[in-house]
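Q: One structure is given below, represented as structure tokens, and several questions about it will come after.
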Amino acid sequence: MSKIKDHTLADKGKAQYEWARTHMKILTHSISKLKKSKPLQNTTLGACLQITKETSVLLIGLQELGAKVVCCAGNPLTTQDDIAAFLDSQGIAVFAWSGQTKPEYDWCQNMVLSHKPDIITDDGGDLNIKAHKSKSKILGATEETTTGITRYQSMVKKGKLHYPIISVNGARTKMLFDNQYGTGQSTIDGFLQTMNLLFASKRIVIAGYGWLGKGVAKRCQGMGAKCIITEVDPIKALEAHMDGLQVMPMNQAAKYGDIFITCTGMKDIITKQHLLSMKDGAIVGNVGHFDVEIDAKFLLSQKVRQVRPNLDECILPNRKKIYLVSKGRVANLIASEGHPPEIMALSFSNQLYSILYILNNHRKLKNQVYQVPQEIDNQIAQDALDSSHIKIDKLSKKQIQYQSSW
């Protein structure tokens, strides 16, 4: 039923699952509340997500709520094979293994669609795009990333979106925490594991000052680095300037940076020309969803040798050495384990409640991109506070009356 790398890794995967589950109380509390009613009974869910210990908590939880779950990887290189083995041992159909080729990656997604899912949970948009091309009958979908939402919004403009999609990425309890705190920490972890060099005193060029870029910049600053921001949005560039960061075009920043981290979701952020103008020994890596931000094709066409795990030394025609992290793919998942479980509990709680919302409301929804309903977002935030034993004030009747007066 499944296709994975090594079934004997299931016990190791189970230990990882249990560790993550212990630290995802917001999500597990919601699952335990819903378990008796089995709200996903007779529903098939197709998931295209990063196959990590945190994802296993969501997928097992969806199964406990009655769903038939089929999954594949959201990236060819990020699958944790022990988690894939554990999920398979629990009766979840898994089509994922680390180091997939592009044809294998496509095949795995087609296998998920062959199970005729009712609802899709995606990370980047690849599975939803394939579902549209194959004209699969889908009730609706949820999306984890900015990259995926950008693709669907383009489809809406062209009248090509065939079913409603909820932007989990747009929820405040996802965007403000997953993108900023999760990516910020996991990026530092990935780069440290890859290069084992000092951040303090280094010039770090961060492309993009959205929530990802902000999170990365804060963590780099906290480790004593000097951060340079490149941007195309004047408001975000001004915000970076007001936050005390240097702001300049990539053409200029390329000459100064020691380490480059792209966080934009856009192609051609670091081009061949930028690479040729960099210092000898510069390190470049990407934490955007797809491997289109850095011209990795040019780098990997040079004389290349692997000097450390997930770090390739590329000798350019001008004899400079440039070091590429994780072949230009999402470094915080390939060189590290991705976001911490406490952060993913927030994101996956949004996924869970958005799946239930689609199941209950798909007949009323149009073929467009929706935000997570405000009441869901607020409830997840409250659940997170409750799980940390944090109490906050409530408006009094007089305050509510004053708020609504004019």
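The values are calculated or read from the model by the stated rules, or taken from the named source; none is laboratory data. Keep in mind that this is a model prediction, so the values were computed, not measured. Reconstructed Cβ throughout: ideal geometry from the backbone, glycine too, with neighbour counts over all protein chains shown.
Conditions (1) in contact with a Lys or Arg (Cβ under 9 Å, 6 or more places away or on another chain); (2) over 30 Å from SER56 (Cα atoms), marked per residue:
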residue: PHE298; (1), (2): yes, yes
residue: GLN306; (1), (2): no, yes
residue: SER336; (1), (2): no, no
residue: LYS364; (1), (2): no, yes
residue: TYR402; (1), (2): no, yes
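Q: Also, quick follow-up: For residues that are part of a loop (DSSP other than H, G, I, E, B) and out of contact with any strand residue (DSSP E or B) (no Cβ under 7 Å at 6 or more places or on another chain), scanning just the stretch 330-340, find the one that is farthest from ALA384 (Cα to Cα). Steps first, please.
A: Going through the stretch 330-340, the residues part of a loop (DSSP other than H, G, I, E, B) turn out to be 335-340.
Add one more test, that the residue is out of contact with any strand residue (DSSP E or B) (no Cβ under 7 Å at 6 or more places or on another chain), and what stays is 336-340.
Details: SER336: 25, GLU337: 22, GLY338: 20, HIS339: 17, PRO340: 15 Å.
Step by step, filter the stretch 330-340, then rank; the result is SER336.
Q: Ok, one more. Quick one: in the stretch 380-406, which of the residues that are under 30 Å from THR22 (Cβ atoms) and not in a helix (DSSP H, G or I) is modelled with the lowest pLDDT?
A: Pass one, the stretch 380-406, residues under 30 Å from THR22 (Cβ atoms): 380-392.
The next check asks that each one be not in a helix (DSSP H, G or I); those that pass are 388-392.
Values: SER388: 86, HIS389: 90, ILE390: 94, LYS391: 96, ILE392: 96.
Top of the filtered list is SER388.
Q: While we're here: Name every residue in the stretch 78-106 that is among the β-branched types (Val, Ile, Thr) and within 17 Å of GLU54 (Cα to Cα), in order of residue number.
A: THR78, THR79, ILE83, ILE92, VAL94, listed by residue number.
Q: Report, by residue number, each residue of the stretch 283-298 that is farther than 13 Å from PHE191 by Cα and touching a Phe, Trp or Tyr at 6+ places or on another chain (Cβ under 9 Å). Show your work before the answer.
A: Applying the first criterion (farther than 13 Å from PHE191 by Cα) to the stretch 283-298 yields 288-298.
ILE294, the sole residue that qualifies.
Q: I'd like the full set of residues that are within 20 Å of LEU324 (Cβ to Cβ) and over 19 Å from the mean Cα position of the chain (by Cα), limited to the stretch 210-234.
A: CYS220, ALA225, ILE228, THR230
Q: Separate question: Any residue at all in the stretch 139-148 that's modelled with pLDDT of 95 or more, surrounded by fewer than 17 Cβ atoms within 10 Å (Cβ to Cβ) and not β-branched (Val, Ile, Thr)?
A: No, the stretch 139-148 contains no residue that is modelled with pLDDT of 95 or more, surrounded by fewer than 17 Cβ atoms within 10 Å (Cβ to Cβ) and not β-branched (Val, Ile, Thr).
Q: Tell me, which helices (runs of 4 or more DSSP H) wholly within the stretch 97-170 include 2 or more residues that are small (Gly, Ala, Ser) and in the same structural domain as GLN50 (by TED's automatic domain parsing)?
A: Details: elements: 102-114, 126-133, 146-157.
Result: 146-157.
Q: Return yes or no: is GLN403 surrounded by fewer than 17 Cβ atoms within 10 Å (Cβ to Cβ) and under 23 Å from the mean Cα position of the chain (by Cα)?
A: On the way: surrounded by fewer than 17 Cβ atoms within 10 Å (Cβ to Cβ): yes; under 23 Å from the mean Cα position of the chain (by Cα): no.
When the stated conditions are applied, GLN403 does not pass them.
Q: From the set of residues in the stretch 312-326 that are aliphatic (A, V, I, L, M) and either outside the structural domain of LYS272 (by TED's automatic domain parsing) or in contact with a Gly (Cβ under 9 Å, 6 or more places away or on another chain) (or both), which is nearest to HIS274 (Cα to Cα)?
A: Keep residues of the stretch 312-326 that are aliphatic (A, V, I, L, M), which gives 315-316, 322, 324-325.
Of the ones still in play, those that are also either outside the structural domain of LYS272 (by TED's automatic domain parsing) or in contact with a Gly (Cβ under 9 Å, 6 or more places away or on another chain) (or both) are 322, 324-325.
Working: ILE322: 11, LEU324: 14, VAL325: 16 Å.
The qualifying residue nearest to HIS274 (Cα to Cα) is ILE322.
Q: For the subset of the stretch 200-209 comprising residues that are surrounded by fewer than 20 Cβ atoms within 10 Å (Cβ to Cβ) and outside any strand (DSSP E or B), which member is farthest from the chain's Cα centre (by Cα)?
A: First, the residues of the stretch 200-209 that are surrounded by fewer than 20 Cβ atoms within 10 Å (Cβ to Cβ): 200-203.
From what is left, the residues that are outside any strand (DSSP E or B) are 200-202.
Values: ALA200: 27, SER201: 29, LYS202: 26 Å.
Filtering the stretch 200-209 for residues that are surrounded by fewer than 20 Cβ atoms within 10 Å (Cβ to Cβ) and outside any strand (DSSP E or B), the one farthest from the chain's Cα centre (by Cα) comes out as SER201.
Q: In the list THR55, THR8, THR22, THR43, which residue meets the criterion of being at pLDDT 95 or above, β-branched (Val, Ile, Thr) and in contact with an Asp or Glu (Cβ under 7 Å, 6 or more places away or on another chain)? Steps first, answer last, please.
A: Details: THR55 fails: in contact with an Asp or Glu (Cβ under 7 Å, 6 or more places away or on another chain); THR8 fails: in contact with an Asp or Glu (Cβ under 7 Å, 6 or more places away or on another chain); THR22 fails: in contact with an Asp or Glu (Cβ under 7 Å, 6 or more places away or on another chain).
Answer to the selection: THR43.
Q: Hey, can you tell me all the residues within the stretch 266-283 that are in a strand (DSSP E or B) and either more than 24 Å from TYR181 (Cβ to Cβ) or hydroxyl-bearing (Ser, Thr, Tyr) (or both)? Steps first, answer last, please.
A: Quick first cut of the stretch 266-283, residues in a strand (DSSP E or B) only: 270, 283.
Correct list: ILE270 only.
Q: Taking the condition of being of a type in the set (A, V, I, L, M, F, W, C) and either surrounded by fewer than 15 Cβ atoms within 10 Å (Cβ to Cβ) or at pLDDT below 95 (or both), how many residues in the stretch 349-379 meet it? Show your work before the answer.
A: Pass one, the stretch 349-379, residues of a type in the set (A, V, I, L, M, F, W, C): 352, 355-356, 358-359, 365, 369, 372, 376.
When the remaining residues are screened for being either surrounded by fewer than 15 Cβ atoms within 10 Å (Cβ to Cβ) or at pLDDT below 95 (or both), the result is none.
Qualifying residue count, the stretch 349-379: 0.
Q: All but one of (1) loosely packed, with under 15 Cβ neighbours inside 10 Å; (2) in the same structural domain as LEU139 (by TED's automatic domain parsing) hold for VAL69; state the number of the condition that does not hold.
A: It fails just one condition, (1).
Q: Looking at LEU87, LEU62, which one is in contact with a Ser or Thr (Cβ under 9 Å, 6 or more places away or on another chain), farther than 17 Å from SER354 by Cα and crowded, with 23+ Cβ neighbours inside 10 Å?
A: Values: LEU62 fails: farther than 17 Å from SER354 by Cα.
Of the residues listed, the single one that is in contact with a Ser or Thr (Cβ under 9 Å, 6 or more places away or on another chain), farther than 17 Å from SER354 by Cα and crowded, with 23+ Cβ neighbours inside 10 Å is LEU87.
Q: Sticking with this structure for a sec: Which pairs do you get when a residue that is at pLDDT 95 or above, found in the stretch 295-315, comes within reach of a residue that is of a type in the set (S, T, N, Q) and part of a loop (DSSP other than H, G, I, E, B), reach meaning Cβ atoms under 7 angstrom, with the pair 6+ apart or on two chains?
A: ASP295/THR271; CYS314/GLN302; ILE315/GLN302
Q: Okay, moving on. ILE343 - would you say it is over 24 Å from PRO164 (Cβ atoms), of a type in the set (Val, Ile, Thr) and part of a helix (DSSP H, G or I)? Walk me through it before giving the result.
A: Values: over 24 Å from PRO164 (Cβ atoms): yes; of a type in the set (Val, Ile, Thr): yes; part of a helix (DSSP H, G or I): yes.
Yes.
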